[in-house]
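> Quick one: this structure, given as structure tokens, is what I'll be asking you about.
The values are calculated or read from the model by the stated rules, or taken from the named source; none is laboratory data. In this text the structure is predicted, and so the values were computed from the model without any measurement. Glycine gets a Cβ as well: all are built from the backbone with ideal geometry, and neighbour counts include every protein chain shown.
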Amino acid sequence: MIEVRNLVKKYGNHLAVDHLDFTIEAGRIYGFLGPNGAGKSTTMNIMTGYLGATEGEVLIDGHDILKEPEEAKKRIGYLPELPPLYMDMTVREYLQFAAELKGIPRQKRQEAITEVEKMVKIKDVERRLIKNLSKGYRQRVGLAQAVLGFPEIIILDEPSVGLDPKQIIEIRELIRQLAKRHTVILSSHILAEVREVCDYILIISKGKLVASDTPENLERMLGDADTIEIEAKAPQALTKEILKTIPGIEQVSVKASGEEGVAAAVIKEKKGEDVRESIFRTFAEKDVPLLALQTRHVSLEDVFMQLTQNESLPEALRRKDEREKVKLPAEEESTADALKEEEAAEEEKVPAAAEAVWNSADGEGDEKNAGDL
Amino acid sequence: MLAIYKRELKSYFQSMTGCVFIAFLLVFTGIYFMAYNLTAGYPYFSYTLSGSLIVFIVGIPLITMRSFSEERKNKTDQLLLTAPVSLGKVVMGKYLAMATVIAIPNVIFCLYPLIIKSQGTAYLEVDYISIAVFFLLGCVYAAIGMFLSSLTESQIIAFISTFGILLVLYLWDGLLSMLPSSAAGGLAGVLILLTIAVFYIWRMTENIVLSGAVEIAGAAVSIVLYFVKQSLYENLLTDVLGKLALANVFTDISNNSIVDVTGIVLYLSVIAVFVFLTVQAIQKRRWS
């Protein structure tokens with residue numbers, strides 16, 4: 001359906017899309033996931049022919065978007081990040097214009113417009129000027145424009161931004177409904193949304209495709225790292241003591257929970273073991289009440305974090321390793337400290353954009369250079 | 001193309017710019033008409049029109065300024081560029097809408113010669129030709145304005161730059177009289193123009209060898225020519241740059257009743273060049 005080959009987009013010296021390669025098959029919902037500034041919107045803009053790529057090509061149903069733009073664009077409906085609305089038109093006028101622009105034959109036009117209006121529930125505002133509509137309604141008008149004419153491929157850039165929770169649910173419902181007849185590609189940085197709606201996820205970080213698979217498979221990739229979280233009504237020391245006696249536990253970290261006199265622990269089990277029952281029995285024997293016990297699966301969040309954060313970490317570490325080789329042993333300690341610091345910084349910055357992490361890693365390197373002198 | 005044309009035309013009259021432009025042009029022409037034709041009894045309407053030329057300089061930027069800059073600012077160009085319509089058609093649709101807005105007051109102008117005729121002698125041929133050329137000149141200005149609008153995101157910048165360029169073109173004759181007419185002055189002017197052209201080539205290609213070679217070869221040819229045939233350089237600058245005084249074609253008709261067909265061809269070529277440049281400017285933005 002869509003083939004993206006070796007796509008590169010440079011803005012001056014900044015590499016926004018870095019040799020992207022993927023194929024999109026018909027009849028599925030694809031999710032583009034990535035932190036802010038990862039190149040999602042740029043990729044979508046290139047796929048729809050709004051921007052030209054520096055290198056590489058995009059084939060829509062075998063038609064190159066640059067060489068046969070009209071053939072290719074006919075198959076795509078696109079809702080950009082900011083819906084492209086003319087504020088001085090009414091909703092109906094706007095959709096009329098979009099329909100004409102898309103070359104929908106005159107006799108089918110009215111019917112097609114009414115159909116999409118009903119679909120995204122904007123029939124009751126069709127006589128109002130777009131500038132007087134709320135953000136949610138504007139988003140829906142933009143969506144109506146993308147869906148108009150029912151093109152084979154519908155590309156939505158962050159479709160649920162600015163909508164209230166009820167509208168988000170409605171839009172998701174609509175996307176699922178659309179997927180019965182169309183291929184849908186949507187981008188988002190909201191994991192829950194992608195997870196709920198998409199059949200297939202493409203994770204992009206710094207312009208590179210770092211993973212592409214079904215949500216289930218992505219989770220399974222890291223699935224053996226399940227952890228157990230417990231809360232026990234006992235001092236932290238005692239809790240630690242008790243846990244030590246249980247076989248099959250690889251790692252324990254105990255900390256105070258919010259409540260007074262209650263300790264919380266995160267337990268990592270050895271591979272293939274299930275220690276939940278023995279935890280319960282041991283604590284019961286010691287007459288310590290267990291307040292909570294639950295397994296925490298690796299979620300898509302974790303996969304996302306690992307893929308978008310880790311990518312910069314190993315590289316930063318690798319550089320440090322190389323430097324260590326030429327260092328005197330006495331300096332090793334400071335390197336280790338710097339490393340720890342970096343890890344701490346990394347943890348703090350978890351929700352920040354990947355680019356920020358990059359900077360911090362580079363910054364650390366500079367600091368160390370200064371130390372060497 | 002038709003969809004864009006219709007939308008643009010509608011938006012000109014919904015946003016009042018179209019109405020303001022037409023009203024503005026009609027009021028000023030009306031005042032000149034009163035003064036020259038009705039009060040003073042001069043039988044040529046074309047002369048009145050040449051007075052309204054200054055109104056064009058303010059009015060045309062008004063209708064061209066938002067054509068592409070606003071689309072870019074509001075990101076509505078994403079709709080146009082991702083639709084199955086070629087860029088040339090998008091630009092033409094918009095341009096024809098502007099031309100239509102400019103045509104409306106000119107159609108109304110066609111009544112004035114008849115009013116003159118009802119009062120006595122009228123020179124209908126000259127008057128109608130001058131109205132047609134006046135309209136064509138408006139289209140030339142609109143093409144320039146559209147191109148400048150496609151270069152920027154700000155309507156204000158588009159307005160001011162268009163206004164500035166049109167004003168310079170209007171005053172071009174006066175500016176030319178300040179240029180030297182001697183052969184040495186002509187040579188200096190040619191060398192300056194050559195250097196500007198070479199600088200542009202260098203900016204576009206970033207190839208220092210190519211631009212350097214062009215500069216040296218060009219300078220050598222012009223200097224050799226200067227020594228071989230000095231008379232060639234006399235009045236050269238005023239002759240060549242005088243071609244840029246676009247309004248002259250119109251004022252020749254309105255003031256002297258001389259129709260210069262090459263001038264009309266010049267108008268059409270300038271329109272074609274600027275429409276083409278607009279397409280290229282938008283294309284370039286997609287790639288940078």
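> Tally up the residues in the stretch A:50-65 that are farther than 15 Å from residue A:17 by Cβ and either facing chain B (nearest Cβ under 9 Å) or not in a strand (DSSP E or B) (or both), please.
Counting residues in the stretch A:50-65 that are farther than 15 Å from residue A:17 by Cβ and either facing chain B (nearest Cβ under 9 Å) or not in a strand (DSSP E or B) (or both) gives 2.
Residue-wise test of (1) within 28 Å of the chain's Cα centre (by Cα); (2) within 17 Å of residue B:76 (Cβ to Cβ).
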{"residue": "A:80", "(1), (2)": "yes, yes"}
{"residue": "A:84", "(1), (2)": "yes, yes"}
{"residue": "A:96", "(1), (2)": "no, yes"}
{"residue": "A:107", "(1), (2)": "no, no"}
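> Let me ask something else about it. Inspect all residues belonging to the stretch A:180-190 and state whether any of them is outside any loop (DSSP other than H, G, I, E, B), surrounded by fewer than 19 Cβ atoms within 10 Å (Cβ to Cβ) and either touching a Phe, Trp or Tyr at 6+ places or on another chain (Cβ under 7 Å) or assigned by TED's automatic domain parsing to the domain that holds residue A:139 (or both).
Residues of the stretch A:180-190 that are outside any loop (DSSP other than H, G, I, E, B), as a first pass: A:183-188.
Remaining after also requiring surrounded by fewer than 19 Cβ atoms within 10 Å (Cβ to Cβ): none.
Among the residues of the stretch A:180-190, not one is outside any loop (DSSP other than H, G, I, E, B), surrounded by fewer than 19 Cβ atoms within 10 Å (Cβ to Cβ) and either touching a Phe, Trp or Tyr at 6+ places or on another chain (Cβ under 7 Å) or assigned by TED's automatic domain parsing to the domain that holds residue A:139 (or both), which makes the answer no.
> Could you tell me which numbered condition residue A:113 fails, if it satisfies all but one of (1) within 22 Å of residue A:177 (Cα to Cα); (2) surrounded by fewer than 17 Cβ atoms within 10 Å (Cβ to Cβ)?
Against the list (1) within 22 Å of residue A:177 (Cα to Cα); (2) surrounded by fewer than 17 Cβ atoms within 10 Å (Cβ to Cβ), residue A:113 comes up short only on (2).
> Given A:269, A:311, A:322, A:273, which one is modelled with pLDDT under 80 and surrounded by 18 or more Cβ atoms within 10 Å (Cβ to Cβ)?
Working: A:311 fails: surrounded by 18 or more Cβ atoms within 10 Å (Cβ to Cβ); A:322 fails: surrounded by 18 or more Cβ atoms within 10 Å (Cβ to Cβ); A:273 fails: surrounded by 18 or more Cβ atoms within 10 Å (Cβ to Cβ).
Among A:269, A:311, A:322, A:273, only A:269 is modelled with pLDDT under 80 and surrounded by 18 or more Cβ atoms within 10 Å (Cβ to Cβ).
> Residues that are touching a residue at least 60 places away in the same chain (Cβ under 8 Å) and under 27 Å from residue B:34 (Cβ atoms): find the helices (runs of 4 or more DSSP H) completely inside the stretch B:89-204 holding 3 or more of those.
Here the list reads B:111-119, B:124-151, B:155-170.
> Please tell me if residue B:80 is modelled with pLDDT of 90 or more, assigned to a helix (DSSP H, G or I) and away from chain A (no Cβ under 12 Å). If you could, list the steps in order and put the result at the bottom.
On the way: modelled with pLDDT of 90 or more: yes; assigned to a helix (DSSP H, G or I): yes; away from chain A (no Cβ under 12 Å): no.
Criteria not met by residue B:80.
> Identify all residues within the stretch A:1-17 that are in contact with a Ser or Thr (Cβ under 6 Å, 6 or more places away or on another chain) and not β-branched (Val, Ile, Thr); write none if there are none. Can you show your working first?
Kept after step one, since they are in contact with a Ser or Thr (Cβ under 6 Å, 6 or more places away or on another chain), are these residues of the stretch A:1-17: A:1, A:3, A:8-10, A:16-17.
Matches in the stretch A:1-17: A:1, A:3, A:9, A:10, A:16.
> Restricting to the stretch B:236-280, name every residue that is crowded, with 17+ Cβ neighbours inside 10 Å and either assigned to a loop (DSSP other than H, G, I, E, B) or within 14 Å of chain A (Cβ to nearest Cβ) (or both).
Hits for the stretch B:236-280 are B:245, B:246, B:279.
> With A:201, A:175 as the choices, which residue is part of a strand (DSSP E or B), away from chain B (no Cβ under 14 Å), in contact with a Pro (Cβ under 8 Å, 6 or more places away or on another chain) and not charged (D, E, K, R)?
Details: A:175 fails: part of a strand (DSSP E or B).
Only one candidate qualifies: A:201.
> Which residues, taken from the stretch A:226-266, are exposed (fewer than 13 other Cβ atoms within 10 Å of the Cβ), out of contact with any helix residue (DSSP H, G or I) (no Cβ under 8 Å at 6 or more places or on another chain) and either without any contact (Cβ under 8 Å) to a residue 12 or more places away in the chain or part of a loop (DSSP other than H, G, I, E, B) (or both)?
Restricting attention to the stretch A:226-266, the residues satisfying the condition of being exposed (fewer than 13 other Cβ atoms within 10 Å of the Cβ) are A:237, A:244-245, A:247, A:250-251, A:253, A:255-256, A:258-261.
Add one more test, that the residue is out of contact with any helix residue (DSSP H, G or I) (no Cβ under 8 Å at 6 or more places or on another chain), and what stays is A:237, A:244, A:250-251, A:253, A:258-261.
Once the filter is applied, which keeps residues that are exposed (fewer than 13 other Cβ atoms within 10 Å of the Cβ), out of contact with any helix residue (DSSP H, G or I) (no Cβ under 8 Å at 6 or more places or on another chain) and either without any contact (Cβ under 8 Å) to a residue 12 or more places away in the chain or part of a loop (DSSP other than H, G, I, E, B) (or both), the stretch A:226-266 yields A:237, A:244, A:258, A:259, A:260, A:261.
> Just for helices (runs of 4 or more DSSP H) wholly inside the stretch B:1-67: which have at least 1 residues that are more than 14 Å from chain A (Cβ to nearest Cβ)?
Result: B:17-32, B:45-64.
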